[in-house]
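Engineer: Questions regarding the structure given below will be posed in turn.
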Amino acid sequence: MSKIDRPAFEAQTRLPGLSYDTIRQVIRARAEEHDLPLLCDGDSEIRVHTTYGTYGFRPDRDASLVQITSGREDWLYILKESLSHTVSELAPDVGAAIRWSDAAQSAGNLPPNFQFITIEGVTRIPGGFLRVTATAEDLSQFTPEGIHFRLALPPTDLVDPQWPSLSDTGLTLWPKGAASLHRPVYTVREMDMASGHLVFDIFEHLGGRATEWARSVTPGTKVGLTGPGGGGIPEVSDLAIYTDETGLPAVARILEALPQDARIEVLFQMTDPVSLDYALPSHPGARIERRPAGDRDLADQAIADLDGAADRMVWLAAEKLIAQKLRAHFKSSGRSAKDHYIAAYWSRTADSAAEG
């Protein structure tokens, strides 16, 4: 790699007590699960490429050395957080011992992908959604490749909210206990990079924390935002979409963005008839079928449709178990999920399901 081609951001750490053979097996499994290319896989090094950059692992006696490279600071941060989470699940003591080489220069700062947004207003729109208008600090990273984000909502009764910061080891310190932040995922519905104007829609869910927040928030309130996240506008000409209410804002963005000659089949499975009134943009190549939830869930329907359209991209946004079922089918049938989008937008076991 030439100096010109060298990624602008990189970080290293040592994983004490975690052997190279162990981490190599973990990386192999993750690469297979997510269809990530292995750039090399040998006794002295394994490297895997992701959307955000590259991981490299090498042996160091009874430990492993890690180097991460990326073209953007926020992407480097995402890669570091993902690895820290993976290692902590595998060996909590090793995860706690991670010390990133670039930690000193960022200790005490907000995470690179965190910013504050100021709420301008909330209006109820047809379809059972609340439309939130806000002003963000910086939307320059929100490209078609990243249209999703997480809110960071403090408890409404907390007078002095706490926000995440980076530790002197490079790990993220999130508020805990009574100060914990609620972090649901949403889709950018409209935005203007120059002004920071941001619009997103929240599906009204009885008892949902984000729903209750949106109903009561007042203009001028500041809350946190992290992102953008993965899963942007698919660049395809033949697309099959399977979604419930939570995916409708993303579907709207896709219908607006895909070329006029694209073929798009949309199956919208509703849990509440009021959601039929959510406005989806017209597209000459789109056919939209709306049906109530029944015995056949979205994963079952997507699986049934695969035999007749093997080359079509599948885009699914639904409850966690439904997404897991479709991923499992792809794996068991020998199909690659790499060129498809299968996302869990909510979970029945979470404290706030289906919020949009």
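The values are calculated or read from the model by the stated rules, or taken from the named source; none is laboratory data. Keep in mind that what you see is a predicted model, and the values were worked out from it rather than measured. Every residue, glycine as well, gets a Cβ built from its backbone with ideal geometry; the counts of neighbours run over all protein chains shown.
Engineer: Considering only the stretch 302-325, how many residues are part of a helix (DSSP H, G or I) and in contact with a Leu (Cβ under 6 Å, 6 or more places away or on another chain)?
Structural biologist: Step one: list which residues in the stretch 302-325 are part of a helix (DSSP H, G or I), which gives 302-306, 320-325.
Next cut, in contact with a Leu (Cβ under 6 Å, 6 or more places away or on another chain) only: 302, 322.
So the answer is 2.
Engineer: Just name the residue that is surrounded by the most Cβ atoms within 10 Å (Cβ to Cβ) out of those in the stretch 209-223 that are in contact with a Pro (Cβ under 8 Å, 6 or more places away or on another chain) and either at pLDDT 95 or above or closer than 16 Å to R131 by Cβ (or both).
Structural biologist: Just the residues of the stretch 209-223 that are in contact with a Pro (Cβ under 8 Å, 6 or more places away or on another chain), to begin with: 209-210, 223.
With the extra rule that they be either at pLDDT 95 or above or closer than 16 Å to R131 by Cβ (or both), the set shrinks to 210, 223.
Values: A210: 23, V223: 20.
Selected residue: A210.
Engineer: Separate question: Within the stretch 1-33, can you find the residues that are of a type outside the set (G, A, S), farther than 23 Å from Y77 by Cβ, surrounded by fewer than 16 Cβ atoms within 10 Å (Cβ to Cβ) and modelled with pLDDT of 90 or more? Reasoning before the result, please.
Structural biologist: Of the stretch 1-33, the ones of a type outside the set (G, A, S) are 1, 3-7, 9-10, 12-16, 18, 20-28, 30, 32-33.
Going one step further and asking which of them are farther than 23 Å from Y77 by Cβ, we end up with 3-4, 20-22, 24-25, 28, 32.
Subset that is surrounded by fewer than 16 Cβ atoms within 10 Å (Cβ to Cβ): 3-4, 21-22, 25, 28, 32.
Passing the criteria: D21, T22, Q25, R28.
Engineer: If you don't mind, another one. Please return the ranges of strands (runs of 3 or more DSSP E) entirely within the stretch 22-118 where 2 or more residues are aromatic (F, W, Y). Give the derivation first.
Structural biologist: Working: elements: 38-41, 46-49, 54-60, 63-70.
Output list reads 54-60.
Engineer: Something else about it: With part of a helix (DSSP H, G or I) and crowded, with 16+ Cβ neighbours inside 10 Å as the only criterion, which of V266, V251 stands out? Give the steps one after another, and end with the answer.
Structural biologist: Values: V266 fails: part of a helix (DSSP H, G or I).
On inspection, the qualifying residue turns out to be V251.
Engineer: Evaluate the stretch 320-328: report whether one residue or more is buried (at least 16 other Cβ atoms within 10 Å of the Cβ) and over 21 Å from D35 (Cβ atoms). If you could, list the steps in order and put the result at the bottom.
Structural biologist: Step one: list which residues in the stretch 320-328 are buried (at least 16 other Cβ atoms within 10 Å of the Cβ), which gives 320, 322-323, 325-327.
From what is left, the residues that are over 21 Å from D35 (Cβ atoms) are none.
For the stretch 320-328, residues buried (at least 16 other Cβ atoms within 10 Å of the Cβ) and over 21 Å from D35 (Cβ atoms): absent.
Engineer: Further question on the same structure: Which condition from (1) on the phi < 0 side of the Ramachandran plot; (2) not assigned by TED's automatic domain parsing to the domain that holds R183 is the one that R61 breaks?
Structural biologist: (1) is the only condition that R61 fails.
Engineer: What tally of residues in the stretch 233-264 results from selecting those that are of a type in the set (S, T, Y) and farther than 19 Å from L298 by Cβ?
Structural biologist: Initially, the stretch 233-264 is screened for residues of a type in the set (S, T, Y), giving 237, 242-243, 246.
Applying the additional criterion that residues be farther than 19 Å from L298 by Cβ yields 237.
Residues meeting the conditions: 1.
Engineer: Moving on. When G127 is evaluated against the numbered criteria (1) out of contact with any helix residue (DSSP H, G or I) (no Cβ under 9 Å at 6 or more places or on another chain); (2) surrounded by 15 or more Cβ atoms within 10 Å (Cβ to Cβ), which criterion, by number, is the only one it fails?
Structural biologist: So the condition that G127 fails would be (1).
Engineer: Moving on to the next point. Look through the stretch 34-62, keep the residues that are exposed (fewer than 13 other Cβ atoms within 10 Å of the Cβ) and free of Cβ contacts under 8 Å to residues at least 40 places away in the same chain, and return whichever of them is farthest from the chain's Cα centre (by Cα).
Structural biologist: Filtering the stretch 34-62 for residues that are exposed (fewer than 13 other Cβ atoms within 10 Å of the Cβ) and free of Cβ contacts under 8 Å to residues at least 40 places away in the same chain, the one farthest from the chain's Cα centre (by Cα) comes out as R61.
Engineer: Another question, if that's okay. Confirm whether R99 is under 29 Å from Q141 (Cα atoms), touching a Cys at 6+ places or on another chain (Cβ under 7 Å) and either without any contact (Cβ under 8 Å) to a residue 24 or more places away in the chain or not small (G, A, S) (or both). Walk me through how you get there before you give the answer.
Structural biologist: Numbers: under 29 Å from Q141 (Cα atoms): yes; touching a Cys at 6+ places or on another chain (Cβ under 7 Å): no; either without any contact (Cβ under 8 Å) to a residue 24 or more places away in the chain or not small (G, A, S) (or both): yes.
Criteria not met by R99.
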